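Asks: Can you keep this structure in mind? I'll have questions shortly.
The values are calculated or read from the model by the stated rules, or taken from the named source; none is laboratory data. Bear in mind the structure is a predicted one, so any value in this text is a computation, not a measurement. Cβ placement follows ideal geometry from the backbone for every residue including glycine, while neighbour counts extend to all protein chains displayed.
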Amino acid sequence: MNRSTPRRDLEALSVLWERQWPAVRDHLPMPPAYPDRWVRFHSLPGSKRYPDDEAEYDILLERHHTLLAELGPNDDELYVVTREWNGDREPVTRMADLQRVDPDAQHWGSWVHYDDFPDDILYQHEYISRRPRRRQALDPLLQLVADEVIAGVTLAPLDLRWLYHPYDGGGDVFAPSTAVRDALKAAYPDWLSTRPSGM
């Protein structure tokens, strides 16, 4: 997908999303949506939230790529959905860091972002691109997420059969099925939260 992608293709993608993930509001997968297919993995040993050195960045990135490879070993390309929030009804110039790591993204949609402060209206602006599932294409984005520079990133295969939502501290998997989710949990038990909620 590039800047010249016809609008009808984005509309078709929206229809596919609604068919695959009707409970995911605003294309942003968050627990408790699909509890039978969701699992959260932490990105550092001991559930440490932020990396302090290159060795910890290596661990964090390796965990993200391991999970992506488990979810879609044959997926050469992924959709990358990024988001920005501000008080502007229409999208404006994207954040420089996002423009740098995802330069081909195009605007997918904007809407009011509902939160706990209804008097301060925020708009969520969503952008989408297609990126090769290679470390050099994804690592700069994942590092910005890990450093809490950006948030609200979603990675998905072109058929949207699964969703991956990296956040500062780990990644939320929305698997194609409960069986796949359970297999991932069994394969990487040390990466799971010790909390009963799984958060």
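Asks: Could you please find all residues in the stretch 78-89 being surrounded by fewer than 16 Cβ atoms within 10 Å (Cβ to Cβ) and of a type outside the set (Phe, Trp, Tyr)?
Replies: Taking the stretch 78-89 and keeping what is surrounded by fewer than 16 Cβ atoms within 10 Å (Cβ to Cβ), we get 85-89.
Of everything in the stretch 78-89, those that are surrounded by fewer than 16 Cβ atoms within 10 Å (Cβ to Cβ) and of a type outside the set (Phe, Trp, Tyr) turn out to be Asn86, Gly87, Asp88, Arg89.
Asks: Also: Given the conditions (1) in contact (Cβ under 8 Å) with a residue 40 or more places away in the chain; (2) in a strand (DSSP E or B), report the number of the one that Asp139 does not fulfil.
Replies: (2)
Asks: Right, another one. Going through Val112, Val92 one at a time, which residue ends up being among the β-branched types (Val, Ile, Thr), in a strand (DSSP E or B) and surrounded by fewer than 17 Cβ atoms within 10 Å (Cβ to Cβ)? Quick ask: steps written out before the conclusion?
Replies: On the way: Val92 fails: in a strand (DSSP E or B).
Matching residue, one of Val112, Val92: Val112.
Asks: Given the criterion under 29 Å from Pro189 (Cβ atoms), in contact with a His (Cβ under 7 Å, 6 or more places away or on another chain) and among the aliphatic types (A, V, I, L, M), identify the matching residue among Leu142, Leu67.
Replies: Details: Leu67 fails: in contact with a His (Cβ under 7 Å, 6 or more places away or on another chain).
The conditions single out Leu142.
Asks: Give the residues of the stretch 173-199 that are out of contact with any Leu (no Cβ under 6 Å at 6 or more places or on another chain) and aromatic (Phe, Trp, Tyr), sorted by residue number.
Replies: Tyr188, Trp191
Asks: Inspect all residues belonging to the stretch 97-117 and state whether any of them is modelled with pLDDT of 95 or more and within 18 Å of Val173 (Cα to Cα).
Replies: No.
Asks: Residues being among the basic types (Lys, Arg), surrounded by fewer than 18 Cβ atoms within 10 Å (Cβ to Cβ) and closer than 19 Å to Tyr188 by Cβ: count how many of those fall in the stretch 18-56. Break it down stepwise before answering.
Replies: In the first step, residues of the stretch 18-56 are kept if they are among the basic types (Lys, Arg); the result is 19, 25, 37, 40, 48-49.
Narrowing further to those that are surrounded by fewer than 18 Cβ atoms within 10 Å (Cβ to Cβ): 19, 25, 48-49.
From the residues that got through so far, the ones that are closer than 19 Å to Tyr188 by Cβ too are 48-49.
So the count comes out to 2.
Asks: Pick from Gln124, Gln136: which is over 25 Å from Ser43 (Cα atoms) and not β-branched (Val, Ile, Thr)?
Replies: Of Gln124, Gln136, the one residue that is over 25 Å from Ser43 (Cα atoms) and not β-branched (Val, Ile, Thr) is Gln124.
Asks: Taking the condition of being of a type outside the set (D, E, K, R), at pLDDT 90 or above and assigned to a loop (DSSP other than H, G, I, E, B), how many residues in the stretch 75-89 meet it?
Replies: 0
Asks: Tell me yes or no: at least one residue of the stretch 145-156 is under 19 Å from Pro22 (Cβ atoms) and either at pLDDT 95 or above or not in a strand (DSSP E or B) (or both). Before you say what the answer is, go through the steps one by one.
Replies: So in the stretch 145-156, the residues under 19 Å from Pro22 (Cβ atoms) come out as 154, 156.
Filter again for either at pLDDT 95 or above or not in a strand (DSSP E or B) (or both), leaving 154, 156.
Within the stretch 145-156 (the criterion being under 19 Å from Pro22 (Cβ atoms) and either at pLDDT 95 or above or not in a strand (DSSP E or B) (or both)), the answer is yes, since at least one residue qualifies.
Asks: Name every residue in the stretch 153-198 that is closer than 17 Å to Tyr50 by Cα, of a type in the set (Gly, Ala, Ser) and crowded, with 16+ Cβ neighbours inside 10 Å, in order of residue number.
Replies: Result: Gly169, Gly170, Gly171.
Asks: Here is a further query. With respect to Arg133, determine if the residue is more than 13 Å from the chain's Cα centre (by Cα) and modelled with pLDDT under 95. If you could, list the steps in order and put the result at the bottom.
Replies: Numbers: more than 13 Å from the chain's Cα centre (by Cα): yes; modelled with pLDDT under 95: yes.
It is true that Arg133 is more than 13 Å from the chain's Cα centre (by Cα) and modelled with pLDDT under 95.
Asks: Determine which member of the set Tyr50, Tyr34 is assigned to a loop (DSSP other than H, G, I, E, B) and at positive phi. Spell out how you get there, then give the answer.
Replies: Working: Tyr50 fails: at positive phi.
Exactly one residue qualifies, and that residue is Tyr34.
Asks: Take the stretch 95-109 and flag every residue that is in contact (Cβ under 8 Å) with a residue 12 or more places away in the chain and either in contact with a Ser or Thr (Cβ under 6 Å, 6 or more places away or on another chain) or outside any loop (DSSP other than H, G, I, E, B) (or both).
Replies: Those that are in contact (Cβ under 8 Å) with a residue 12 or more places away in the chain and either in contact with a Ser or Thr (Cβ under 6 Å, 6 or more places away or on another chain) or outside any loop (DSSP other than H, G, I, E, B) (or both): Asp97, Leu98, Arg100, Val101, Asp102, Asp104, Ala105, Gln106, His107, Trp108, Gly109.
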